[in-house]
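S.K.: One structure, as structure tokens, below. Some questions next.
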Amino acid sequence: RSAEEVGRRSMRELRRTVALLRSGDEVAVMPPVPSAGEIRALVDQARAGGLDGDLRTHGDLSSVAPGVQVALYRISQEALANAARHAPRAHTVLEIEVVDGQACLVAETTGPTAAGSARGAGRSGYGLIGMRERATALGGELSAGPTSEGWRVSCRLPLEARDGIPAGDEANP
């Protein structure tokens, strides 16, 4: 049921994108960009797909600039996807804290990883690169790597994006 809902949502997004591309010079309505408030739904979807995970938030996510919220969402999305792909039997805690002018995200996966999961066969490994580039473009930082008990992604972003960075998700879908 979860996979069916994800498939339907993806098809709706694809149809909107195709409609936008076909609209030519007409004024088109851009699809909504994801926000940090939607991360709970990401965690719920991951759980429905079999991932053992939790979300913990601290602070006011609404105080985070829209472009930074998109980055938090996309980084969370990739971290959860990686956990499901490389450590499907492990436990993942996604923690987001807004404090001291920063939004901090930590995705900590503890438990067994799938054999040979460091770089899956045929996989390019662009997920971590994309997360790091997204954080750096906003004036933040991201680190990711193995721990003694699993894997950790840690990200710090300023509450406001650096000047010249688009607020939407158009620059890095």
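The values are calculated or read from the model by the stated rules, or taken from the named source; none is laboratory data. Only a predicted model underlies this, so the values are computations on that prediction, with no experimental measurement involved. Quick reminder, even Gly has a Cβ in these numbers, built from the backbone with ideal geometry, and neighbours come from all protein chains shown. With ligands, DNA and RNA removed, areas are computed over all heavy atoms of the protein, side chains included. Shrake-Rupley method; radii C 1.70, N 1.55, O 1.52, S 1.80 Å.
S.K.: Would you please name the residue that is nearest to L80 (Cα to Cα), looking only at residues in the range 144-163 that are at pLDDT 95 or above and not hydrophobic (A, V, I, L, M, F, W, C)?
M.R.: Ranking the candidates gives R152 first.
S.K.: Out of (1) surrounded by fewer than 17 Cβ atoms within 10 Å (Cβ to Cβ); (2) in contact with a strand residue (DSSP E or B) (Cβ under 6 Å, 6 or more places away or on another chain); (3) small (G, A, S), what's the single condition that is false for G53?
M.R.: Just one mismatch for G53, condition (1).
Yes or no, residue by residue, for (1) within 12 Å of C155 (Cβ to Cβ); (2) of a type in the set (A, V, I, L, M); (3) modelled with pLDDT under 90:
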{"position": "A84", "(1), (2), (3)": "no, yes, no"}
{"position": "V93", "(1), (2), (3)": "no, yes, no"}
{"position": "V99", "(1), (2), (3)": "no, yes, no"}
{"position": "Q102", "(1), (2), (3)": "yes, no, no"}
{"position": "G111", "(1), (2), (3)": "no, no, no"}
{"position": "S117", "(1), (2), (3)": "no, no, yes"}
{"position": "A135", "(1), (2), (3)": "yes, yes, no"}
{"position": "L138", "(1), (2), (3)": "yes, yes, no"}
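Quick grid of which residues meet (1) open to solvent by 60 Å² or more (accessible area, probe 1.4 Å); (2) among the polar types (S, T, N, Q):
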{"site": "A83", "(1), (2)": "no, no"}
{"site": "H86", "(1), (2)": "no, no"}
{"site": "T113", "(1), (2)": "yes, yes"}
{"site": "T147", "(1), (2)": "no, yes"}
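S.K.: Read through the list (1) farther than 19 Å from S35 by Cβ; (2) in contact with a strand residue (DSSP E or B) (Cβ under 8 Å, 6 or more places away or on another chain), then give the number of the only condition that G127 fails.
M.R.: Exception for G127: condition (2).
S.K.: From the list Q69, Q77, pick out the single residue that is at pLDDT 90 or above, open to solvent by 50 Å² or more (accessible area, probe 1.4 Å), under 22 Å from A137 (Cα atoms) and touching a Leu at 6+ places or on another chain (Cβ under 8 Å). Talk me through it step by step, then tell me what you get.
M.R.: Values: Q69 fails: open to solvent by 50 Å² or more (accessible area, probe 1.4 Å).
Matching residue, one of Q69, Q77: Q77.
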